[in-house]
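Student: Pasting a structure below so you can have a look.
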């Protein structure tokens, strides 16, 4: 198990970006998770919430408690 803190950023193969202040990698179960505030930025939206569970590649993730979503236009990027 490995923990990282403060300004953590993870980017997956699709370019989706996770930002948080605390992330745990459970190597044995091949998962990453957090109980802290998270922000995920995709090509189409920004999703914010509290807590996250994901596979270690950050390609299949779920935010535990979504607190907001912002839809992006291509002009916003």
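Student: Based on this model, can you work out whether residue 28 counts as loosely packed, with under 15 Cβ neighbours inside 10 Å, in contact with a helix residue (DSSP H, G or I) (Cβ under 9 Å, 6 or more places away or on another chain) and not in a strand (DSSP E or B)?
Tutor: Considered against the rule, which asks whether it is loosely packed, with under 15 Cβ neighbours inside 10 Å, in contact with a helix residue (DSSP H, G or I) (Cβ under 9 Å, 6 or more places away or on another chain) and not in a strand (DSSP E or B), residue 28 comes out as no.
Student: Please enumerate the residues belonging to region 40-59 that are in a loop (DSSP other than H, G, I, E, B) and surrounded by fewer than 16 Cβ atoms within 10 Å (Cβ to Cβ).
Tutor: If we filter region 40-59 for residues that are in a loop (DSSP other than H, G, I, E, B), which is where we start, we get 42-44, 56-59.
The answer is 42, 43, 44, 56, 57, 59.
Student: Let me spell it out: the conditions are (1) part of a loop (DSSP other than H, G, I, E, B); (2) more than 12 Å from the chain's Cα centre (by Cα); (3) surrounded by 13 or more Cβ atoms within 10 Å (Cβ to Cβ), and residue 4 meets all of them except one. Which number is the exception?
Tutor: Here residue 4 meets the rest and fails (1).
Student: Please name all residue pairs, on different chains or six or more residues apart, with Cβ atoms under 9 Å, provided the first residue is in region 56-77 and is farther than 20 Å from residue 1 by Cβ and the second residue is at pLDDT below 90 and part of a strand (DSSP E or B).
Tutor: Partner pairs satisfying both residue conditions: none exist.
Student: Something else: Name the residue that is farthest from residue 71 (Cα to Cα), counting only residues in region 7-22 that are surrounded by 15 or more Cβ atoms within 10 Å (Cβ to Cβ) and over 9 Å from the mean Cα position of the chain (by Cα).
Tutor: 22
The values are calculated or read from the model by the stated rules, or taken from the named source; none is laboratory data. Fair warning: this is a prediction, and the values are worked out from it, not measured in the lab. Using ideal geometry, Cβ is built from the backbone for each residue, glycine included, and neighbour counts are taken over all protein chains shown.
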